[in-house]
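Please read the structure below before turning to the comments.
The values are calculated or read from the model by the stated rules, or taken from the named source; none is laboratory data. Since we're looking at a predicted model, the values are computed, not measured. Every residue, glycine as well, gets a Cβ built from its backbone with ideal geometry; the counts of neighbours run over all protein chains shown.
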C-alpha cells in the first residue's frame, strides 16, 4: 500500500513508526509525508493553487532534503491512500475546514482518481496547554478530544471521504487511563507510546487487522510492556467498518 499525507507535524508523528509497525504486522507499505510545521488547510489550499514547493518530503518516517509541490507529490506514485487533516488548534471548529477541504479533496481525486481519501483525526492537547484550549472553548483534554472527534466525523459526512483514522480517539482512551501520550510540549505525540499508538491505529484502520502482539520495538524513547499492552487494547477496541 502506498500512502501519502498532505499534512504537518501531526502526520509526521503518525508516520514516524508506521513503516516499522506495518512491517512487524506483515503488511507492506510505502509512506510519504508532506511536511510543513503547523500547516493549515488554508495554507495547503494556497500552496496547491499557487504550486508552491514548500513541502519537505519525508519518506517512511525519515526526513529528506527535498522540497516539492502538492502536484509533484501526487504524481510521484500511484497512491492508494491520501490523507488530509486540519492543523491541531483549528480542528475543534468545523468552520476552518470549509471550503478548503472540499477543494483539496477535489484536486486529489482529479490527479489520483484511484486513491482513497482518508481524514487523519488529530487529538486534544495535554493539560499544560489548557490556556490554548480555552481559546477554542475547550476546558480539558477530554473535551478537546471529544470536540475534535465530532468535527472530523461531520467533515467525513459532508465530504464523502472514504476513511477516518481516529487517532484522537485512541489518544483519549490512553490519556483517560493515566498514560502519557503527549510530548513534553503538551501538543505533539510522545516519541514512545504516543507515536506507537498512532502507528498502530493507522495500521489497524488501513488494513483491518488486530494489532495485539505487534512486535515493533524500535522506539526513540523507552516504552514499557504495560504501555504496549494498553496501546494494543485501545487500538483493537476500534470499530472498523
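Residues being surrounded by fewer than 15 Cβ atoms within 10 Å (Cβ to Cβ) and more than 17 Å from the chain's Cα centre (by Cα): count how many of those fall in segment 155-178.
6
Condition first: within 28 Å of residue 217 (Cα to Cα), part of a loop (DSSP other than H, G, I, E, B) and touching a helix residue (DSSP H, G or I) at 6+ places or on another chain (Cβ under 8 Å). Now tell me which residues in segment 10-51 satisfy that.
Once the filter is applied, which keeps residues that are within 28 Å of residue 217 (Cα to Cα), part of a loop (DSSP other than H, G, I, E, B) and touching a helix residue (DSSP H, G or I) at 6+ places or on another chain (Cβ under 8 Å), segment 10-51 yields 16, 17, 27, 28, 29, 36, 37.
Which ones in segment 124-154 are at pLDDT below 90, out of contact with any helix residue (DSSP H, G or I) (no Cβ under 7 Å at 6 or more places or on another chain) and surrounded by 14 or more Cβ atoms within 10 Å (Cβ to Cβ)?
Once the filter is applied, which keeps residues that are at pLDDT below 90, out of contact with any helix residue (DSSP H, G or I) (no Cβ under 7 Å at 6 or more places or on another chain) and surrounded by 14 or more Cβ atoms within 10 Å (Cβ to Cβ), segment 124-154 yields 129, 130.
Taking the conditions exactly as written (in a helix (DSSP H, G or I) and over 17 Å from residue 236 (Cβ atoms)), does residue 173 satisfy them or not?
Taking the combined requirement at face value, the residue does not satisfy it.
Restricting attention to segment 52-70, does a residue exist that is surrounded by 14 or more Cβ atoms within 10 Å (Cβ to Cβ), in a helix (DSSP H, G or I) and modelled with pLDDT of 95 or more?
Checking segment 52-70: at least one residue is surrounded by 14 or more Cβ atoms within 10 Å (Cβ to Cβ), in a helix (DSSP H, G or I) and modelled with pLDDT of 95 or more.
Would you confirm whether or not segment 88-96 contains a residue that is surrounded by 15 or more Cβ atoms within 10 Å (Cβ to Cβ) and without any contact (Cβ under 8 Å) to a residue 40 or more places away in the chain?
No, every residue in segment 88-96 fails to be surrounded by 15 or more Cβ atoms within 10 Å (Cβ to Cβ) and without any contact (Cβ under 8 Å) to a residue 40 or more places away in the chain.
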